[in-house]
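Here's the structure, in structure tokens; my notes come after.
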Amino acid sequence: MHQGRTTLSKFLIQQLKGSPEQSDLAALLVDIAACIKAISAMTSKGMLGDVLGSLDSTNVQGETQKKLDVLSNVAFINTFSMGGLVAGLASEEVDDPQEIDPQDGSGRFLAIFDPLDGSSNIDVNVSVGSIFSILRAPDGRAPTVDDYLRPGSEQLAAGYAIYGPATMMVITVGKGTHGFTLDREVGNFILTHPHIEVPADTSEFAINASNERFWEPPIQRYVAECKAGKNDVRARDFNMRWIASMVAEVHRILMRGGVFMYPRDMKDPSKAGRLRLMYEANPMTMVVEQAGGLGSTGRSRILDISPDEIHQRVPVILGSRNEVERIERYHRDYDSGADQRYTSPLFQERSLFAN
């Protein structure tokens, strides 16, 4: 059926040719693809597979775990533990990184993953996904926590799966961003979206508007201008979207442009942001930037952040380049005092929300 079309395995051999990790990294990404197929099969069964509903447990983030959260986490851990390619792993669902028994293989990589993003949507049959990030493991010794705490710019590969009407796997190994669709009849991921490019301009944004009263002034300014549309400074109308699944939001942006925002706010002043740097922001920013977009906190490039701890949270602004740059400019205007419309001391220099 797909004679002459490029499978994931064939694509990786071509993409990684000449890389020092060529065969091992390709094999690891193929292992991840197999795990994604298994999770896709579980999600597609829904209530028929007895995978819906919540458990009487919470993860390290304090979030109630869904059955499929736990099953997906186990699937990833088993994949990495048995493949012999990973020296250690860190999951959003587990408190601490886990070392893989060295007898299973040399373990050239560290795997960081969110096994099931957007799990609040599981029970209502809305798209969910998985996110993964691959780092180089230390040579000749067991990994420590510090080995995981690397800037996102040091990722060797990153990507996500989206379990929607079709299951897709979108990856980058630092040579562009490429999308593969699962052909269930033959069991292969087929290259269907080569060299994805995020349009630099867009008229679409995604944000949880129910938090508007908690946003920092630069975000309030940006969203207000978008909502004012063609009658204001933007001179065009915008559409607003919100799915409550980062994978689904980013996938839409990759397909047609847009900007996704989960900014810092004062709803919980103890948290610098809502999304996890290592499991969500870094891999998704690598995917988007390799497609020509940008990823920012509003004040700094996400991939330049040196993590302090494995479950660190950050603000995330991700998507079409010109819109992300505009939002960064609004933050600079506010922080420098050039934007005089907002004077709340809560956000002033050396205050609760200052860098």
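3J(HN,Hα) couplings calculated from phi for segment 113-123 with the Karplus curve 6.51 cos²θ - 1.76 cosθ + 1.60 (θ = phi - 60°) are, in sequence order, 8, 10, x, 8, 7, x, 5, 5, 8, 4, 6 Hz; Gly and Pro show x.
What does the highest-first list of 316-326, 268-278, 225-235 look like by mean Cβ count within 10 Å?
Per-residue Cβ counts within 10 Å, averaged per peptide and sorted highest first, yield 316-326, 268-278, 225-235.
Note that segment 33-42 has calculated 3J(HN,Hα) couplings of 4, 5, 5, 5, 4, 5, 5, 4, 4, 5 Hz, one per residue in order, obtained from phi through the Karplus relation 6.51 cos²θ - 1.76 cosθ + 1.60 (θ = phi - 60°); glycine and proline are x.
Straight Cα distances below 26 angstrom link LYS67 to the lysines LYS37, LYS45, with same-chain residues fewer than 8 positions distant left out.
Plugging the Kirkwood radius over Cα pairs into Stokes-Einstein for segment 159-270, at a temperature of 37 °C and a viscosity of 0.692 mPa s, what D comes out in µm²/s?
Estimated via Stokes-Einstein, D reaches 205 µm²/s.
Taking segment 229-262 and a reference point 7 angstrom along Cα→Cβ of ASP201, the backbone N atoms nearer than 13 Å belong to 234-237.
Going by neighbour counts of Cβ atoms within 10 Å, the residues THR167, THR192 line up, fewest first, as THR192, THR167. In order along segment 246-259, the Karplus-derived 3J(HN,Hα) couplings, from 6.51 cos²θ - 1.76 cosθ + 1.60 at θ = phi - 60°, round to 4, 4, 5, 5, 5, 4, 4, 5, 5, 7, 9, x, x, 9 Hz, and Gly and Pro are given as x. Expressed per residue, the C-alpha convex hull volume of segment 204-347 stands at 113 Å³.
Each helix, a run of at least 4 DSSP H residues, gives -39500 (n - 2.57); summed and divided by the residues of the chain, these come to -9000 deg cm²/dmol at 222 nm.
Taking Cα pairs under 8 Å and at least six residues apart, what relative contact order does segment 8-193 come out at, in percent?
Computed value for segment 8-193: 15 percent relative contact order.
A cut-off of 5 Å between modelled amide H atoms, ignoring neighbours fewer than 5 places along the same chain, links THR167 with LEU182. I want the local charge near ASP123. Using Cβ-Cβ distances under 11 Å, sum +1 for each Lys or Arg and -1 for each Asp or Glu among the other residues. With Lys, Arg at +1 and Asp, Glu at -1, the neighbours total +2.
Of all DSSP bridge pairs formed entirely within the chain, close to 80 percent run antiparallel.
Extension gain for ARG5-ARG341 works out to 115.4 nm (0.36 nm per residue, less the C-alpha to C-alpha distance).
We did not get these values from a lab; they are worked out from the coordinates using the rules stated. This structure is a prediction, so every number in the text was calculated from the model and none was measured. Cβ atoms come from the backbone with ideal geometry, glycine included; neighbour counts cover every protein chain shown.
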